[in-house]
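Taken together, the values in this text are just the output of simple stated rules run on the coordinates, not laboratory data. These numbers come from a predicted model, not from an experiment. All Cβ positions, even for glycine, are placed from backbone atoms using ideal geometry, and neighbour counts span all protein chains on display.
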Amino acid sequence: MDYPLLEKATQVIQAAFPSARPAFAMILGSGWSDVAGAFHVRGELGYETIPGLGRTGVVGHAGKLLWGDLAGLETLIFQGRRHYYEGEGWTPVALPVFAMKHLGVRRLLLTNAAGGIRRDLVPGTLMILSDHINGMGVNPLVGPHHPHWGPRFPDMSHVYSSRLSTLLRKAGEELKLPISEGVYYAASGPSYETPAEIKAYRTLGADAVGMSTVPEAILARAAGIELAGLSCITNAAAGISTENLSHEEVTETTRQTMPLMKRLIQAYWSKLAELADR
Ligand code: HPA
């Protein structure tokens, strides 16, 4: 990881939003960008103007950092994410987490699009991450130890905060929106999985599969940020249905599910505003 570059990026963000004191942040994954429309936006910065972040080349990722608020909570919104499979190493992937920690963020929501492995996780289902399996074969904390990320060997027993997950569940109940829960398996991508791989992941205990989120979750947890994760199930994983997989299907499902995603985020932010220690 290029720490001088990460520090420079943080300074650029601070200079762009000098009065920002966000305690909350969100990273919007594939197809999630329009959720930002629920926020009152006070400032924005294109990813290409942030050193080390750069433009995201993936369709469905807007590539803007927004500073805004919802339910009275100042929030940094990373509208689009950089992925390990883009081949630029960990710096662009870790940058949002590094910068938000510097800016004082204490609570994070990670979102993504995922393929459903468990049969009930049909397209359009929203799934709270109860845990994850890092199947990327790499870990973003490999390299010289940097105190920013906490201890050398950070605990990962409770990556996803049970109290934040409860708030997400309650927000869903209020909206009469059934929300599922499950274990997310992160593969490196960018090729989709084979049916045999999906069978193997199911045996390992995975309920859904994607190509992101886990690196940021590891980094945020290590850095002491309380976090929750939310997947939009966009397709049945390979071999679960007979259809071939495509990114178009992923973005089309998120487009159709957007009204629910937006309402859930609004209801969740109202719940966050009730936290005694916010
Ligand atoms: N596999 C991996 N990543 C994904 C999928 C999938 O089926 N759907 C959306 N992102």
Exercise. Among Lys8, Lys176, which comes first, second and so on when ranked by fewest other beta-carbon atoms within 10 Å?
Worked result: Lys176, Lys8
Exercise. At what distance in nm do the modelled label points of Val41 and Ala196 sit from each other, each positioned 7 Å from its Cα along Cα→Cβ?
Worked result: 4.6 nm
For this session: Figure the gain on full extension for Ser19 and Glu48 (residue separation times 0.36 nm, minus the Cα-Cα span) and round it to one decimal in nm.
Result: 8.3 nm
Exercise. Tell me, what ³J(HN,Hα) does each residue in segment 149-159 have, in order and in whole Hz, if you take phi through Karplus 6.51 cos²θ - 1.76 cosθ + 1.60 with θ = phi - 60° and put x for Gly and Pro?
Worked result: 8, x, x, 4, 10, x, 5, 10, 5, 9, 5
For this session: Based on the mean of other Cβ atoms within 10 Å per residue, sort peptides 82-91, 193-202 so the most packed one is first.
Result: 82-91, 193-202
Exercise. What ranking do Met211, Met26 get, fewest neighbouring Cβ atoms within 10 angstrom at the top?
Worked result: Met211, Met26
Problem set entry | Positive-end extreme of charge dipole, segment 29-111 - chosen from Gly89, Leu103, Ile77 (charges on Cβ) | Leu103
Seminar exercise, completed: Burial-style ranking of 218-229, 45-56, average other-beta-carbon count within 10 Å with highest first, yields 218-229, 45-56
Problem set entry | Estimated distance in nm for a label pair at Asn139 and Asp2, the labels positioned 7 Å out from Cα along Cα-to-Cβ | 2.5 nm
Exercise. Kirkwood-based Rg over Rh for the chain (C-alpha set), two decimals?
Worked result: 0.93
Problem set entry | Distance in nm between pseudo-label sites at Gln11 and Ser246 (7 Å out along the Cβ direction from Cα) | 4.7 nm
Seminar exercise, completed: Bridge orientation stat for the chain from DSSP, antiparallel percent rounded to 5, came to 35 percent
Exercise. Summing -39500 (n - 2.57) over the DSSP H runs of n ≥ 4 in the chain and dividing by its residue number, what mean residue ellipticity at 222 nm do you reach, to the nearest 500 deg cm²/dmol?
Worked result: -9500 deg cm²/dmol
Exercise. In debye to the nearest 20, how big a dipole does the chain give about its Cα centre with +1 on each Lys and Arg Cβ and -1 on each Asp and Glu Cβ?
Worked result: 540 debye
Problem set entry | Highest-first arrangement of 106-114, 181-189, where packing means the average Cβ count within 10 Å | 106-114, 181-189
Seminar exercise, completed: Sorted by chain and number, the residues with a modelled amide H under 5 Å from that of Glu181, at a separation of 5 or more or across chains, are Ile128
